[in-house]
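Scroll down for the structure; my scribbles are underneath it.
The values are calculated or read from the model by the stated rules, or taken from the named source; none is laboratory data. Every value quoted in this text rests on a predicted model; they were computed, and no experiment measured them. Note that each Cβ is placed from the backbone with ideal geometry, even for glycine, and that neighbours are counted across all protein chains shown.
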Amino acid sequence: MSIHQMLENLIKQGVLIVAGLFVVDEKVLQRYAEVVKQARGKRSQREFSELLEVSQSTVHNWENAKNAPDLDGIEKIARIRGQLPEELITEIYGRQSETSLQERISLMNNRELAWLMTLIAQKLSE
């Protein structure tokens, strides 16, 4: 499955994506932190970072809920956990309620809204 198909599937599932990155809040960051710690297991942060081809400080920031992995990181973490990326993302985000989506949309800037509208228009034209 291509990244484009994966993103389309996630949009169908109610996961909101902005500019190729997943919209995150504190709860989502905490879930990512838990997932990264679980995936790392008994490896050191250095060993795990080498496996993922990221810096040790990146792994540290993920585990301390300072930021979330990008799509490449999500794919690698999912693979380590024996999951498809979309399964991991669905686990992290779950299905979003309509209210939650409305709140997230209300926080978007004009550029993000335009991008989202373009995606929706493309989907509707299929």
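Among the residues of region 35-63, the ones that are closer than 19 Å to LEU88 by Cβ and surrounded by 13 or more Cβ atoms within 10 Å (Cβ to Cβ) come to 16 in all. Touching a residue at least 12 places away in the same chain (Cβ under 8 Å), under 18 Å from GLU26 (Cα atoms), in a loop (DSSP other than H, G, I, E, B) and out of contact with any Ser or Thr (no Cβ under 6 Å at 6 or more places or on another chain) - does that describe any residue in region 71-94? There is no residue in region 71-94 that is touching a residue at least 12 places away in the same chain (Cβ under 8 Å), under 18 Å from GLU26 (Cα atoms), in a loop (DSSP other than H, G, I, E, B) and out of contact with any Ser or Thr (no Cβ under 6 Å at 6 or more places or on another chain). Applying the criterion of at least 1 residues that are at pLDDT below 65 to the helices (runs of 4 or more DSSP H) found wholly in region 1-58 leaves 3-12.
Among the candidates ARG104, ARG79, ARG111, the residue that is of a type in the set (D, E, K, R), modelled with pLDDT of 85 or more and either in contact with a strand residue (DSSP E or B) (Cβ under 7 Å, 6 or more places away or on another chain) or over 22 Å from GLN38 (Cα atoms) (or both) is uniquely ARG111.
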